[in-house]
1. Between a residue in the range 80-95 that is of a type in the set (Ser, Thr, Tyr) and any residue that is assigned to a loop (DSSP other than H, G, I, E, B), which pairs come within a Cβ distance under 6 Å, given they are 6 or more apart or on different chains?
2. Among the residues in the range 23-31, are any more than 15 Å from the chain's Cα centre (by Cα) and either surrounded by 18 or more Cβ atoms within 10 Å (Cβ to Cβ) or among the small types (Gly, Ala, Ser) (or both)?
3. Based on what the data block shows, is Gly73 under 18 Å from Val148 (Cα atoms) and either surrounded by fewer than 16 Cβ atoms within 10 Å (Cβ to Cβ) or touching a residue at least 12 places away in the same chain (Cβ under 8 Å) (or both)?
4. Farther than 22 Å from Glu153 by Cβ, under 15 Å from the mean Cα position of the chain (by Cα) and not aromatic (Phe, Trp, Tyr): which single residue out of Val94, Val109 fits that description?
5. Restrict the check to the range 30-38 and report whether at least one residue is touching an Asp or Glu at 6+ places or on another chain (Cβ under 7 Å), touching a residue at least 24 places away in the same chain (Cβ under 8 Å) and more than 13 Å from Trp152 (Cβ to Cβ).
6. Of the residues that sit in the range 99-158 and are β-branched (Val, Ile, Thr) and touching a helix residue (DSSP H, G or I) at 6+ places or on another chain (Cβ under 7 Å), which one is surrounded by the most Cβ atoms within 10 Å (Cβ to Cβ)?
7. Of the conditions (1) of a type in the set (Gly, Ala, Ser); (2) more than 16 Å from the chain's Cα centre (by Cα); (3) buried (at least 18 other Cβ atoms within 10 Å of the Cβ), Ser56 satisfies every one except a single condition; which number is it?
8. Return yes or no: is Val65 surrounded by 13 or more Cβ atoms within 10 Å (Cβ to Cβ), in contact with a Leu (Cβ under 8 Å, 6 or more places away or on another chain), β-branched (Val, Ile, Thr) and touching a residue at least 24 places away in the same chain (Cβ under 8 Å)?
Amino acid sequence: MAREDDRVINILDEPSWNDVEKYTKALADNIKESGFKPDYLVGISRGGWLPAALLSHLMSWKLFVSIDVKKEGTERKVAENPQINWSALKGKKVLLVEDMLETGKSAQVAREFLEQNGADVRLACYFARDFSEIEPNFVLQKGIKKEVLFPWEKFRQT
């Protein structure tokens, strides 16, 4: 069951950095109120990197790593990274972070991968689309019907 924020959040099509700061503070409050304290933060590349880094600074959670989920046709899989010892997460509490869940397929693959490595995973994001296939544990608002272009996506190649 998602812990949805009950505050009124103004979801903009193109939020500013100031808006993102507000979103991050509200998401951090949501996580803090739940009592969940992660041992590690894992940002899903690339959308989850900045929200995870912002949460890391705001909450003084220092252990942060990135997970890269590649799209291959209609499938997704975690890209290999020999520099990260994923098995070190066994028995650890992990906060998996994404900016927004659209289909949620990348988050689902990342979550399953981390759980297969023994991590106790919770998923956090600012927003989840109405057609997302995965339920986040922490979210400001789910079921939204529009796309959101975050500041870090403005240079994204389509």
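Values quoted throughout were computed directly from the atomic coordinates according to the rules given, and no laboratory measurement underlies them. Just so you know, these numbers come straight off a predicted model, no measurement behind them. For neighbour counting, all protein chains shown are included, and Cβ atoms are generated from backbone atoms with ideal geometry for every residue, glycine included.
1. As it stands, the answer is Ser87/Asn117, since those pairs meet every condition given.
2. no
3. It is false that Gly73 is under 18 Å from Val148 (Cα atoms) and either surrounded by fewer than 16 Cβ atoms within 10 Å (Cβ to Cβ) or touching a residue at least 12 places away in the same chain (Cβ under 8 Å) (or both).
4. So the residue among Val94, Val109 that is farther than 22 Å from Glu153 by Cβ, under 15 Å from the mean Cα position of the chain (by Cα) and not aromatic (Phe, Trp, Tyr) is Val94.
5. Looking for residues that are touching an Asp or Glu at 6+ places or on another chain (Cβ under 7 Å), touching a residue at least 24 places away in the same chain (Cβ under 8 Å) and more than 13 Å from Trp152 (Cβ to Cβ), one finds at least one in the range 30-38, hence yes.
6. Val121
7. Single failed check for Ser56: (2).
8. yes
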